[in-house]
Structures are given as C-alpha cells and as structure tokens.
C-alpha cells in the first residue's frame with residue numbers, strides 16, 4: 001500500500017457516520033461489520049444494571065412487540081478505550097486481551113450461550129483495523145509489550161504511512177504512541193417468540209481507566225464531569241488531607257447506556273445499582289435519584305426510562 005493510497009482511503013472514509021456504540025441493541029451484520037439499528041419491534045420490559053469497579057451485571061426481560069416475533073442479532077458494545085490513554089499499568093501482561101480481561105458471559109432464559117466478538121480499531125471514527133492487521137498489530141490485545149513490539153517491528157516505510165495518517169506517533173527514545181481507539185462488540189443471534197418474555201443476563205469485567213488525584217485541580221480531572229456534589233468535593237478534600245501520600249487513586253468506569261433506546265419504546269422499569277465495594281471509598285456519577293441502601297450500595301429505579309446519556313463513574317479509594 002502506498003502512502004498516497006493509505007491517505008486517500010482515510011480521507012474518503014473521514015466523516016462517514018458509524019453506528020452508535022453498553023446496553024444490548026439489535027444489529028445487522030454487514031461487510032464492514034456490525035451496525036446497530038433502531039426501532040426493532042421488541043420491548044425491554046425491565047432492566048437491572050449493577051456497576052462496580054470490578055464487575056458489571058445486567059438483567060433484561062424482553063418481549064416481542066407484535067404477534068409475529070422475530071430473530072435478530074443482539075449486539076452489546078463495550079465502551080471504546082484509547083490505547084494512548086491506557087499505559088502499561090492499565091493494560092496487561094503477556095497474552096492479555098480484550099476477551100480474557102472482559103470475561104464476557106451471557107445467559108438466555110438461564111442457558112449460557114457463546115457470543116461472537118468483533119474488534120475494530122478506529123482513528124477519528126475511521127476504521128483502521130485492516131491497516132494494523134496488515135502489519136500484525138494485535139488490535140484486540142491488552143498486552144502492552146506485544147503491542148509495542150509489533151509497532152517497532154514495522155518497516156520504516158510503514159512507520160511513515162502510519163505517522164502521516166496520525167494512527168501512530170513515533171517518539172524518539174520512547175515507546176511509540178498508538179493513536180487509535182478500540183471498539184469491542186459482543187453479539188449473538190436471538191429469537192424473540194411472540195407472546196413470551198425472554199430473559200437475558202450478562203456479566204463482564206470493565207476495562208477501567210486509572211489515574212492519581214493529588215488535589216482538586218489535578219490535570220485531566222474535573223469534578224464536574226462526574227457531577228460531584230459539594231459534600232463529595234469536601235469528602236475528596238478530606239481524603240487527600242488524610243492520605244500519607246497526599247493523593248488518592250481514581251478508577252473510571254464507563255457504561256454505554258444509550259443503545260437501550262434502540263429498542264421499541266421506553267424501558268418499562270430501569271433499576272440501577274452502584275456498588276463501590278469498600279465502605280471508605282467514594283463514587284460519583286451523573287445520575288439523579290441514587291440513594292444509599294447499604295454500606296457500599298446505591299440504588300435508583302426509574303419507570304418508563306429513556307436513556308439519553310451514557311454513564312461515567314468515578315470510584316475513589318486510598319492508595320493501597
């Protein structure tokens with residue numbers, strides 16, 4: 001592939017809309033991969049979503065919205081993650097991957113099914129998966145060293161291509177910086193018979209981002225992004241003052257909620273549970289109505305719920 005061809009492909013692709021990307025959503029499988037679709041004639045009667053730093057669990061009850069039923073691909077997109085943002089302390093060791101880290105499992109009416117997994121690399125919303133695959137860059141890998149080694153092994157001409165397209169930034173004397181994000185989507189074919197509820201449950205481990213907060217004005221940290229209340233801001237200041245290190249650890253967990261609007265009508269009853277796991281930790285997120293129901297557990301139930309924004313949670317804990 002010449003530099004001109006690579007750049008022309010990227011220019012032609014730039015700006016083309018891709019499907020929204022993790023509530024379950026109906027999807028179609030095309031030559032370019034999965035595309036999420038809207039207004040499928042299936043209703044979500046209820047959804048219970050539990051989010052903690054180490055586990056996300058979702059329980060749905062679906063029902064066909066007409067007397068015909070249907071069979072469709074159900075897709076569950078994980079939040080995209082940015083390799084340039086996730087350093088070796090967040091990425092894994094030898095052999096670690098999206099599949100092994102997420103440990104995604106799904107059950108339909110109590111029976112476990114094996115989903116498929118699609119992984120794409122995106123730069124500025126452009127699919128660059130094949131470009132990376134051509135040079136054996138492991139797009140679905142969370143093995144930091146393997147990713148660095150594969151980039152360094154590229155011939156110089158290829159390095160120039162990727163630099164010109166801003167897919168990789170080469171730093172003299174340092175590891176290269178991947179500039180792409182990774183979108184992983186699990187999917188399976190689901191039958192929705194007429195007149196019968198279908199119970200779908202799945203669990204997975206979130207690929208959480210981590211950073212250190214040293215004061216209320218730490219670079220890249222804005223309390224407003226998590227709708228922190230005055231009481232939460234005061235609690236953060238107290239924890240920083242009490243810390244022997246003058247810092248606290250923060251874990252950022254994202255959940256793609258808006259794809260729940262791809263189904264017909266609102267979600268009949270939506271229940272959100274947030275578990276911070278340790279009583280001394282903090283959690284902040286932008287979602288109204290959460291109330292404490294246990295030492296570490298918070299809850300809110302919303303009838304006729306239409307998801308309009310994704311969730312971004314910040315878990316704050318002492319540096320252990």
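The values are calculated or read from the model by the stated rules, or taken from the named source; none is laboratory data. What you see is a predicted model, and the numbers here were worked out from it, not measured in a lab. As a convention, Cβ positions derive from the backbone with ideal geometry for all residues, glycine included, and neighbour counts pool all protein chains shown.
Of note:
- Residue 246 falls short of the stated requirement of being surrounded by fewer than 18 Cβ atoms within 10 Å (Cβ to Cβ), on the phi > 0 side of the Ramachandran plot, more than 24 Å from the chain's Cα centre (by Cα) and modelled with pLDDT of 90 or more.
- Hey, residue 212 touching a helix residue (DSSP H, G or I) at 6+ places or on another chain (Cβ under 9 Å) and either over 14 Å from residue 283 (Cα atoms) or surrounded by 13 or more Cβ atoms within 10 Å (Cβ to Cβ) (or both) or not: no
- Unmet requirement for residue 171, which otherwise passes all of (1) surrounded by fewer than 18 Cβ atoms within 10 Å (Cβ to Cβ); (2) in a strand (DSSP E or B): (2)
- Flag if residue 309 is farther than 12 Å from residue 52 by Cα and modelled with pLDDT of 95 or more: no
- Filter pass, residue 34 being in a strand (DSSP E or B), surrounded by 14 or more Cβ atoms within 10 Å (Cβ to Cβ) and modelled with pLDDT under 90: yes
- Hits in segment 301-311 - residues which are exposed (fewer than 15 other Cβ atoms within 10 Å of the Cβ) and under 16 Å from residue 227 (Cβ atoms): 308, 309
- Any hit, segment 253-270, residues being farther than 23 Å from residue 59 by Cα, touching a helix residue (DSSP H, G or I) at 6+ places or on another chain (Cβ under 7 Å) and either surrounded by 17 or more Cβ atoms within 10 Å (Cβ to Cβ) or modelled with pLDDT of 90 or more (or both): no
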